[in-house]
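The values are calculated or read from the model by the stated rules, or taken from the named source; none is laboratory data. Predicted, not measured: the structure shown is a model, and the values here were computed from it. Here the Cβ positions follow ideal geometry from the backbone for every residue, glycine too, while neighbour counts run over all protein chains shown. Each accessible area value is taken on the protein alone, full model and side chains, heavy atoms only, with ligands, DNA and RNA left out. Shrake-Rupley method; radii C 1.70, N 1.55, O 1.52, S 1.80 Å.
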Amino acid sequence: MKVLVTGGTVFVSRYCAEYFVRQGHEVYVMNRNTRPQSRGVKLIECDRHRIGDRLKEHYFDVVMDITGYNERDVSDLVSALRGYGRYIFISSSAVYPETAPQPFRESQPCGVNIHWGDYGTNKIAAERFLLDNVENLYIIRPPYLYGKMNNLYREAFVFECAENALPFYVPGSGKMPLQFFDVNDLCRFIDVLLEKKPDQRVFNVGDPNTVTVSEWVRACYAVLGKEPELRNVADHDPQRWFCFRDYAYSLDVSSQQTLMPDLKPLSDGLRESYEWYAAHRGEVRRKDYLSYILDNIEEM
């Protein structure tokens with residue numbers, strides 16, 4: 001297939017581009033060429049809001065829009081395309097209002113989520129534009145994505161604490177549930193959609209089994225053969241010193257499970273994530289969580 005991937009230089013979009021190159025497809029990436037490009041891709045250098053005629057000479061069997069965050073992002077891209085077979089849009093679980101019953105189902109109405117703010121409402125607007133204007137569309141709504149090439153300071157933060165034998169501070173009791181999806185499983189699911197062509201257009205994705213914050217931290221430390229000393233924190237905003245929001249939610253992923261029941265175990269995904277992190281430490285976007293902990297919570 002001839003595939004267009006928006007982005008292609010960081011985490012999900014980069015992994016997606018390289019995954020489909022390995023599958024033997026002709027993969028084009030569209031970005032501003034400010035970061036190194038993956039081997040085997042073909043670059044279309046432009047800003048997605050100033051595409052001009054750069055896409056008019058191409059027909060793509062699949063457009064994988066990984067970096068669309070709002071209505072303008074998707075409308076500018078759609079209008080710049082000459083033609084395509086399928087359009088895959090990576091949306092977010094942030095489109096569900098926190099007041100809706102959980103686990104969130106694809107059939108539930110979208111709405112404002114106070115924990116995600118504009119990020120969620122912008123994704124909703126992008127989805128609505130695509131549903132109104134694109135026929136051969138699949139929308140994918142993941143929870144927290146993790147795995148190889150994750151440049152966000154999530155599992156990398158825990159790995160660094162484990163490497164330095166530091167205690168780990170968890171919000172509240174540490175029992176808040178988290179739901180994850182490995183980036184390779186995301187690409188596999190895209191493959192499944194393209195192969196099976198289901199009639200359903202919107203899919204939640206993720207591991208059906210949530211884990212608590214404490215369980216996740218222990219799993220990250222276990223990759224290094226260590227056991228964390230967990231310390232509970234009740235009276236500080238977790239966004240200042242922890243890598244996830246203080247918000248518990250889960251997605252109903254039964255439709256995904258019907259199409260693709262086998263998923264990578266969390267322990268395997270975290271091991272792969274650590275192997276990548278250990279070789280690419282400089283690519284992680286660090287936050288100064290430890291300084292906040294030292295200055296405001298407890299001396300370490």
Determine the per residue accessible area of the chain with all protein chains present and a 1.4 angstrom probe, expressed in square angstrom. 44 Å²
For 22-30, 279-287, ranked highest to lowest by mean beta-carbon neighbours within 10 Å, the order is 22-30, 279-287
Pop the C-beta distance of H49 and L131 into the FRET formula with R0 = 25 Å and round what comes out to the nearest 0.05. 0.70
Can you divide the C-alpha Rg of the stretch 1-145 by 2.2 N^0.38 Å and report the result to two decimal places? 1.06
Percent antiparallel among DSSP beta bridges (both partners in the chain, rounded to 5): 5 percent
Spin-label model distance (nm) - R105 vs N70, 7 Å beyond Cα toward Cβ: 3.3 nm
What is the angle, in °, between the Cα long axis of helix 118-133 and the longest principal axis of the Cα atoms in the chain? Nearest 10 is fine, range 0 to 90. 20 degrees
Have a look at G172, P143, S13 and report the one farthest towards the positive end of the charge dipole of the chain, computed about the Cα centre with Cβ charges (Lys/Arg +1, Asp/Glu -1). S13
Spin-label point model (7 Å from Cα, Cβ direction): what's the E275 to L230 distance in nm? 2.8 nm
Amide H neighbours of V202 at under 5 Å, excluding residues fewer than 5 places away on the same chain, with H built from the backbone geometry, are I139
Karplus ³J(HN,Hα) for the stretch 256-268 (6.51 cos²θ - 1.76 cosθ + 1.60, θ = phi - 60°; Hz, whole; x = Gly/Pro) runs 4, 4, 5, 7, 8, x, 8, 10, 6, x, 4, 4, 5
In terms of the ratio Rg/(2.2 N^0.38 Å) built on C-alpha atoms, what value belongs to the chain? 1.02
Which residue, L270, L81, L186, tops the fluctuation ranking in a GNM of the chain built on C-alpha contacts under 10 Å? L81
In percent, what relative contact order does the stretch 190-287 have, based on Cα pairs under 8 Å that are 6 or more apart in sequence? 38 percent
Looking at the chain as a GNM with Cα springs under 10 Å, which of D182, D76, D237 has the largest mean-square fluctuation? D237
If you only keep lysine pairs separated by 8 or more in sequence, or across chains, how many in the stretch 127-281 come under 29 Å at the Cα atoms? 10
For the stretch 129-204 versus the stretch 58-77, the gap between their alpha-carbon centres in whole angstrom: 19 Å
So the pair-distance distribution of the stretch 1-71, from every Cα-Cα distance in 10 Å bins, comes to percents of 21, 59, 19, 0
The chain - mean residue ellipticity at 222 nm from DSSP helices (-39,500 (n - 2.57) per run, n ≥ 4, rounded to 500): -9500 deg cm²/dmol
Taking H as built 1.01 Å from N, whose amide H comes closer than 5 Å to the amide H of V170, not counting residues under 5 places away? R231, N232, V233
Sorted from largest to smallest, which semi-axis lengths in Å does the alpha carbon gyration tensor of the stretch 140-251 give for its equivalent ellipsoid, taking the root of 5 times each eigenvalue? 30, 16, 11
Percent carbon-and-sulfur accessible area, the chain, ignoring ligands, DNA and RNA, probe 1.4 Å: 44 percent
Karplus ³J(HN,Hα) for the stretch 56-68 (6.51 cos²θ - 1.76 cosθ + 1.60, θ = phi - 60°; Hz, whole; x = Gly/Pro) runs 5, 7, 10, 10, 9, 5, 9, 10, 10, 8, 8, 10, x
Dipole size in debye (nearest 20) for the chain around its Cα centre, Lys and Arg Cβ +1, Asp and Glu Cβ -1? 780 debye
